[in-house]
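Only the coordinates and a few stated rules stand behind these numbers; no lab work does. These numbers were taken from a predicted model, which means no experiment stands behind them. All Cβ positions, glycine included, derive from the backbone under ideal geometry; neighbour counts span all protein chains shown.
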Amino acid sequence: WLVKEGDTVSSGDLLAEIETDKATMEFEAVDEGVIGKILVGEGSEGVKVNTPIAVLLEEGESADDIGEASAPAAEPKAQAPKSDAAPKPEAAPAASAAPAAPKADGERIFASPLARRIAADKGLDLSQISGSGPRGRIVKADVENAQPSAAKPAAKDQPASAPAAAAPAATGPSSSQVIAMYEGREYEEIPLNGMRKTIAARLTEAKQSIPHFYLRRDIRLDALLKFRGQLNKQLEARSVKLSVNDFIIKACALALQSVPAANAVWAGDRVLQLKPSDVAVAVAIEGGLFTPVLKDAEMKSLSALSSEMKDLASRARDRKLAPHEYQGGSFAISNLGMFGIDNFDAVINPPHGAILAVGAGVKKPVVGADGELSVATVMSVTLSVDHRVIDGALGAQLLDAIVQNLENPMVMLA
């Protein structure tokens, strides 16, 4: 927490830092007021989404208006609720990362604690009241001026239904079974953090649910390496140094424009074909990885892509990326060439339609168009493709477009 109970805050003030499985995000106040109560203590782990974390009191409200906002929600009972047992709404948090009481259509209701208490006393339904406060928040005056038609309808009896049993997921040996296998051997237990759990869940799901197929090509890099050297000399004055990966990003972005049907993602019951080339790039960090997305990459210069990629990679390693910076995209690049890996198969990051696995550039003997044998720098790439989104011929066209861009780098400046 960056504030404490009793502190006065304004809209835009930082209240806390919230760490997810992927990043640490700053949480801002959306209104002015006083921190009436902190509901989730500093250092708390496993806080569920939609859990209120604090109560913000507006002008005219006091701690007495908080009511039972901090009380944990009661566990639902197995029996059906009685018609005369409708719960009386109490004050709810106004400064939280979670929604308050839901409207009939599932939307969130924003209301001050005082407004909620008055509405409860009058038996008014907040979902039927329009708010005049910031961002449509319901305040005291709105409740006092509400018409009787906003009164709550009596709750109807609803038959209780047993939750459907989920099918057991296929799993390997339990932790106790694995530990028993290594009894008497020296080892260290490393607990899974949120990121590692997410990676394990998402990639297991990806391999089990996505019908992968793989396309491989070798790319001659000599022309690109020569061109890169020339550009870097000209860019020295601007302190810009292009990497081979910058060219790969640009080549993929342009290829997605050349083969637009392959610029697509799987959306459950349909395919979404994207217009811009939003290219994700895997960045290794301690304990996991991020895939920040370079949006509209086809529109950006090589130097702009290089600068943006360096910034995203730096903040990824510090876990300072915002969710919108690593979500989305239709295509990803995973480059292990700097580790001396010649080739590998990458796992598609859903909902992407494909991912390009990039190996190292190595010297190899090649036969030229004239039949002469020579030595060239060759890079092997593998395109992993989701067959639900992209068929074999379309995937081959996309990969060929990438190869042509990299073997003829001048076209990327056109």
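For this structure, a couple of remarks:
- With Rh defined as the Kirkwood radius, the inverse of the mean 1/r over Cα pairs, the Rg/Rh of the range 357-414 is 1.05.
- Cut-off under 5 Å, modelled amide H: who pairs with Lys37 long-range: Val55
- Taking His387, His352, His212 and counting other C-beta atoms within 10 Å, the order from fewest to most: His387, His212, His352
- Panel order for Thr8, Thr382, Thr377, by other beta carbons found within 10 Å of each beta carbon, from fewest to most: Thr8, Thr377, Thr382.
- Integer Hz, Karplus 6.51/-1.76/1.60 couplings in order for the range 340-357, x for Gly and Pro: x, 7, 6, 7, 6, 10, 8, 8, 5, 8, x, x, 3, x, 6, 9, 9, 9
- For Leu2, the residues whose modelled amide H falls within less than 5 Å of its own, excluding neighbours fewer than 5 places apart on the same chain, are Ala16, Glu17.
- Sparse-neighbourhood loop sites, chymotrypsin sites (Phe, Trp or Tyr not before Pro) in the range 182-233 - DSSP loop, at most 11 other Cβ within 10 angstrom: Tyr182, Tyr187
- Computed on the Cα atoms alone, the convex hull of the range 195-329 gives a volume of 143 cubic angstrom per residue.
- Whole-number D in µm²/s for the range 211-413 (Stokes-Einstein; Kirkwood sum over Cα pairs; 10 °C, 1.306 mPa s): 92 µm²/s
- Going from the residue with the fewest nearby Cβ atoms within 10 Å to the one with the most, Glu407, Glu325, Glu189 rank Glu189, Glu407, Glu325.
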